[in-house]
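Written below as structure tokens is the structure these notes are about.
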Amino acid sequence: MDIEQIWFALVAFFFIGYFVLDGFDFGVGMALPLLGRDDTDRRVMINTIGPVWDLNETWVIVAGAVLFAAFPEWYASLFSGFYLPLLLILLALILRGVSFEYRHQRREPQWAARFDLMIIIGSFLPAFLWGVAFANIVRGVPMDADHQVSISLFGLLNPYGLLGGLTLVLLCLVHGMIFIALKTEGEIRARARAMILRFMLPTIAVAATFLFWTVLMHIQVPHLIWIIALAGLAAGSLIAAGLFSLRGREGFAFTAMALTIAAAVATLFVSLFPNVMPSTTTPAGTLTIVNASSSEYTLGVMLWVALITTPLVIGYQAWTYWVFRRRLSRDHIPAAAH
Amino acid sequence: MEEFFDPLALARWQFGLTTLYHFIFVPLTIGMALMAAIMQTAWYRTHDVKYLRLTRLFGKIFLINFAMGVVTGIVQEFQFGMNWSEYSRFVGDVFGAPLAIEGLAAFFLEATFIGLWIFGWDKLPRLAHLMSIWMVFFASAMSAYFILAANAFMQNPVGYTMNTERGRAELTSLWEVLSNPVVLAAFPHTILAAIMFAATVMIAVAAWHLRRNQHLETMRTALKAGLWTNVLAFMGVGLSGDQLSLAMVDAQPMKMAAAEGLYETTNAASFSIFTLGTPDGASELFSIRIPHLLSLLSTHTMNGEVEGINDLQAQYVTQFGPGDYSPIIWITYWAFRWMIGLGVFSALVSLVMLWMTRAKAPQRSALVQDRLWRVLIWTAPLPMMASLVGWVFTEMGRQPWIVFGLMKTEAAVSPNVAGWQVALSLAAFTAIYGTLAVVEFKLIRKAAQEGPPEISQGEDDHAEPDSLAIVY
């Protein structure tokens with residue numbers, strides 16, 4: 001296995017980590033109006049992700065930095081080419097992040113309501129736009145021989161891109177609601193369990209269509225079998241998440257949902273391989289794991305860094321989730337301001 | 001239209017503004033983490049509840065502030081690719097490495113342990129909880145090291161080779177990049193300046209309460225700790241700043257010449273504290289000068305030779321071809337002076353206050369005392385302002401280069417991002433950042449004025465379960 005291939009897998013790993021982890025944060029944010037009847041409900045929901053949203057969001061910073069270090073051409077073409085969607089993602093993430101910190105600083109209802117709205121928008125937009133962006137990377141973008149992308153925001157909102165966005169939104173929403181069911185008790189938990197079942201069938205339908213479309217687009221790719229396998233795994237574990245939810249097995253449902261998102265994102269990366277960003281205008285413009293990558297030395301030395309740090313990261317993050325394993329309920333929310 | 005929306009100028013403004021804005025919160029995050037860690041350590045060792053109350057108070061300020069540091073930091077990383085794609089292609093092989101290490105080794109650690117510290121008061125054993133805040137400080141300092149190493153490459157490229165076939169710089173030694181003489185000096189300089197800012201904020205909070213005769217015991221402790229920290233950190237800032245000057249003269253003599261507006265190469269060069277003259281500094285009307293000081297700063301000898309802008313310009317034209325190789329002199333000249341002046345003034349204020357609050361200090365009239373507290377409150381932003389103009393000096397002083405000697409800023413901008421798009425993002429960032437600055441300032445002021453929470457001795461040993469775990 002070439003070192004470029006290892007790094008392609010590592011980039012995929014960090015993006016998968018991001019969507020699996022921040023995915024349920026997005027879902028919790030989007031579920032605020034669906035599951036929260038009053039301020040106390042919403043506080044319970046936000047506090048379930050309180051200790052972890054920041055470290056979950058850090059996965060995208062690391063994914064971006066790893067992309068920069070390992071595939072600078074990919075990073076440069078992608079980030080400059082997708083300027084406006086990334087701008088919107090940044091603005092949304094800013095609003096979401098500060099809203100978590102600010103909403104509890106004053107007790108007036110209007111104050112909290114304003115930040116709730118920003119959390120909802122700040123959770124929906126990144127999920128949607130990352131879905132659109134990744135679908136378009138797979139679909140290919142107009143890119144000249146110097147790897148300069150030229151596509152407008154509306155050019156990205158093509159049917160496949162929109163379906164990608166909708167898929168990620170629904171996956172994150174269900175993921176977030178399963179997380180709430182897993183992390184709360186009482187009425188919110190019951191409401192979440194009911195809501196998951198209502199969203200399950202539409203989510204399965206949309207995600208299956210997107211995955212099927214992705215498979216069809218790559219019907220002539222030599223490693224098609226892997227794409228089908230991963231897409232199948234994604235669809236299968238999504239159905240499993242639905243069945244576990246039906247039986248109230250929240251831990252299993254959450255695991256299956258995490259596997260769904262991981263397999264769906266992996267499907268996209270495997271569909272790309274060995275390209276990283278195909279060009280729709282000229283074959284010379286296509287970025288591959290070879291012509292987009294850093295030098296052997298950089299990839300080699302950074303591989304050591306990644307191999308040493310990543311297990312530690314997984315270790316202490318897993319420990320954090322263990323420390324904060326207890327369920328929350330309305331009884332935990334102090335009535336008075338603090 | 002194209003003239004008006006110049007993508008290069010707009011992208012530079014955007015990077016400059018978002019970076020400076022980011023750097024208001026980062027020093028406070030780094031410095032406050034240290035302050036909270038020290039207070040909590042004092043509580044852990046002495047079981048004196050006043051230290052716990054201070055930890056809680058400054059922990060709350062830290063918490064309000066840190067979210068801003070996080071969310072504005074993502075913008076910084078994304079901007080390299082979004083607005084400076086040609087730069088990213090050119091140096092990604094070198095520059096990406098410290099950035100990725102920063103993420104893998106430092107950001108993850110910081111983000112995880114911040115969560116553990118904030119939400120873990122009653123969930124972790126005391127020592128583990130104390131260690132969490134130290135981990136936050138350690139991780140944030142480490143992230144500062146790696147990002148400064150990346151910046152040092154732009155100031156003084158080392159550890160690379162040019163790959164002409166792919167038209168880019170490639171890493172040959174990660175160790176050289178990480179042990180760049182510029183980062184070795186810039187790291188203590190930046191970290192200690194950050195600690196100064198946290199110290200002056202702590203002093204200001206203490207002064208606000210002392211002025212109102214409330215929380216006397218805790219606030220006297222906070223005041224003393226803040227004053228001593230500020231003075232000691234300033235001494236380190238000065239020493240490391242001196243080292244940084246030497247490294248800078250070595251790597252970028254033009255920047256030192258531009259710091260003084262020194263046009264002709266001079267032995268025994270003097271340093272002007274203040275100059276009146278043409279805006280570009282080329283001809284002066286009046287100045288106050290300290291003899292030999294520039295030579296001393298640049299070479300550590302009284303009569304050392306300091307190269308002037310004109311000679312350096314001629315030398316660079318021979319080396320790199322025709323062009324203007326000097327930065328905007330009035331900016332570098334004044335930024336350098338404001339950086340030093342603000343830092344020195346802040347430290348002097350603290351030093352004077354240490355003298356005036358000594359145990360044997362004579363009784364002062366209420367009016368004088370009131371004035372003193374007000375000075376301490378209003379001088380809180382000085383170290384932050386010094387840091388900001390310091391960055392203006394560092395980055396503007398490198399122009400016209402983005403990577404000194406290797407790539408000009410004008411060649412680094414994304415060619416496929418239209419001027420209107422950059423104008424749009426600049427307007428959006430300005431609007432949101434401006435609004436958030438107001439909210440942020442009000443919230444921090446509110447938290448500071450509420451003062452330390454009431455916790456009586458002994459109560460801390462059996463805190464209400466879960467009440468501390470609900471933060472949001």
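Measure off 7 Å from each Cα along the Cα-to-Cβ vector at residue B:314 and residue A:190, then give the distance between these two points in nanometres to one decimal.
If labels sit at residue B:314 and residue A:190, their model points lie 8.9 nm apart.
Report the gain in length on full extension from residue B:175 to residue B:235: 0.36 nm times residue separation, minus Cα-Cα distance, nm rounded to one decimal.
Numbers: separation 60, 0.36 × 60 = 21.60 nm, distance 2.88 nm.
Fully extending the segment from residue B:175 to residue B:235 adds 18.7 nm.
At q = 0.07, 0.15, 0.16 Å⁻¹, what log₁₀ I(q)/I(0) does chain A have when each alpha carbon counts as one equal point scatterer in the Debye sum?
Normalising to I(0) and taking log10 leaves -0.29, -1.28, -1.42.
Taking the Cα centre of each part, how many Å lie between the stretch A:241-315 and the stretch A:202-239?
Value for the Cα centre distance between the two parts: 15 Å.
Work out the FRET efficiency for residue A:201 and residue B:368 from their Cβ-Cβ distance, taking R0 = 60 Å, and round it to the nearest 0.05.
Working: r = 75 Å, r/R0 = 1.26.
So the FRET efficiency works out to roughly 0.20.
What share of all Cα pairs of the stretch A:291-338, in percent, falls into each consecutive 5 Å distance bin?
Over the stretch A:291-338, the share of Cα pairs per 5 Å bin runs 5, 15, 11, 11, 11, 10, 8, 8, 6, 6, 6, 2 percent.
How compact is chain B by the rule of thumb for globular proteins, expressed as Cα Rg over 2.2 N^0.38 Å?
Numbers: Rg = 23.9 Å, N = 472, 2.2 N^0.38 = 22.8 Å.
Here the Cα radius of gyration is 1.05 times the empirical estimate.
Remind me, relative contact order of the stretch B:1-78 in percent, using alpha carbon pairs under 8 angstrom and six or more residues apart? List each step's numbers first, then the result.
Working: 48 pairs, mean separation 30.5, N = 78.
Value for the stretch B:1-78: 39 percent.
With a sphere of radius 12 Å drawn around the Cβ of residue A:298, what net charge do the other residues whose Cβ falls strictly inside it have (Lys, Arg +1; Asp, Glu -1)? Please report the intermediate quantities before stating the final value.
Working: positive: B:168; negative: A:4, A:296, B:93, B:170.
With Lys, Arg at +1 and Asp, Glu at -1, the net is -3.
List, largest first, the extents of the alpha carbons of the stretch B:382-448 along their principal axes, each in whole Å.
Each principal axis gives a Cα extent; for the stretch B:382-448 these are 48, 31, 10 Å.
Taking the number of other C-beta atoms within 10 Å as the exposure measure, put B:18, A:184, B:430 in order starting with the fewest.
On the way: B:18 22, A:184 25, B:430 15.
Taking fewest neighbouring Cβ atoms as first place, the list is B:430, B:18, A:184.
Would you list A:83, A:160, A:102 from fewest to most Cβ contacts within 10 Å? Walk me through the numbers on the way to the answer.
On the way: A:83 26, A:160 16, A:102 23.
Exposure proxy ranking, most exposed first: A:160, A:102, A:83.
Residues in the stretch B:358-384 near a label at residue B:216, defined as backbone nitrogen under 17 Å from the 7 Å Cα→Cβ point?
What the label zone holds, given the 17 Å backbone N cut-off, is B:358-367, B:369-370, B:373.
In percent, how large is the relative contact order of the stretch B:258-320, given Cα pairs closer than 8 Å and 6 or more residues apart? Before the final figure, lay out each step's value.
Working: 110 pairs, mean separation 24.5, N = 63.
After rounding, I find 39 percent.
Would you mind telling me which residue in A:213, A:130, A:319 has the biggest mean-square fluctuation in a Gaussian network model of chain A, where springs connect alpha carbons within a distance under 10 angstrom?
Evaluated over chain A, the most mobile residue of the options is A:319.
Calculate the length of the line joining the C-alpha centroid of the stretch B:374-446 to that of the stretch B:216-240, in whole Å.
Measuring centre to centre over Cα atoms gives 27 Å.
Taking the Cβ of each residue in A:49, A:121 as the centre, tally the other Cβ atoms inside 10 Å and list the residues starting with the fewest.
A:121, A:49
Can you give me the long-range amide H partners of residue B:272? Hydrogens built in the peptide plane at 1.01 Å from N, cutoff under 5 Å, separation of 5 or more residues or another chain.
Those lying under 5 Å, H to H, from residue B:272 are B:290.
Expressed as a rounded percentage, what relative contact order does chain B have, with Cα pairs under 8 Å and six or more residues apart? Intermediate values should be presented prior to the final figure.
Working: 696 pairs, mean separation 107.4, N = 472.
It comes to 23 percent, rounded to a whole number.
To one decimal place, what orientation-averaged projected area in nm² is obtained for the convex hull of the Cα set of the protein assembly as shown?
Working: hull surface 142.5 nm².
Its Cα hull, projected and averaged over all orientations, spans 35.6 nm².
Enter the angle in degrees (range 0 to 90, nearest 10) between the Cα long axis of helix B:309-320 and the first principal axis of the Cα atoms of chain B, meaning the one along which they spread out most.
Between the helix axis and the principal axis of chain B, the angle is about 70 degrees.
Suppose each label sits 7 Å from its Cα in the direction of the beta carbon; what would the residue A:1-residue B:302 distance come out to in nanometres?
Taking the simple label geometry, residue A:1 and residue B:302 are separated by 6.7 nm.
With every atom except the alpha carbons ignored, what do you get for Rg and Dmax of the stretch A:1-140, in angstroms?
Rg, Dmax (Cα atoms, Å): 16.8, 59.
Counting pairwise Cα distances across the stretch B:258-320, what percent come out greater than 17 angstrom? Before the final figure, lay out the partial values.
Numbers: 836 of 1953 pairs.
Tail of the P(r) past 17 Å holds 43 percent of the pairs.
Given the pairs B:224/B:446; A:183/B:442; A:183/B:50; B:360/B:446; B:123/B:446, which span a C-alpha to C-alpha distance of over 24 angstrom in this model? Walk me through the numbers on the way to the answer.
Values: B:224/B:446 22 Å; A:183/B:442 33 Å; A:183/B:50 35 Å; B:360/B:446 34 Å; B:123/B:446 28 Å.
Check vs 24 Å cut-off fails for A:183/B:442; A:183/B:50; B:360/B:446; B:123/B:446.
What does the charge count near residue A:61 come to, summing +1 for each Lys or Arg and -1 for each Asp or Glu among other residues with Cβ under 10 Å from its Cβ?
On the way: positive: none; negative: A:57, B:77, B:102.
It works out to a net charge of -3.
Taking the alpha-carbon centroid of each part, what is the distance from the stretch B:331-346 to the stretch B:249-263 in angstrom?
Here the answer is 16 Å between Cα centres.
Figure the gain on full extension for residue A:216 and residue A:307 (residue separation times 0.36 nm, minus the Cα-Cα span) and round it to one decimal in nm.
On the way: separation 91, 0.36 × 91 = 32.76 nm, distance 3.54 nm.
Stretched fully, the residue A:216-residue A:307 segment lengthens by 29.2 nm.
Every number here is computed from the coordinates shown, using simple stated rules; none is lab data. On a predicted model such as this, the values are computed, not experimentally measured, just so you know. Please note: Cβ atoms are built from the backbone with ideal geometry, for glycine as well, and neighbour counts cover all protein chains shown.
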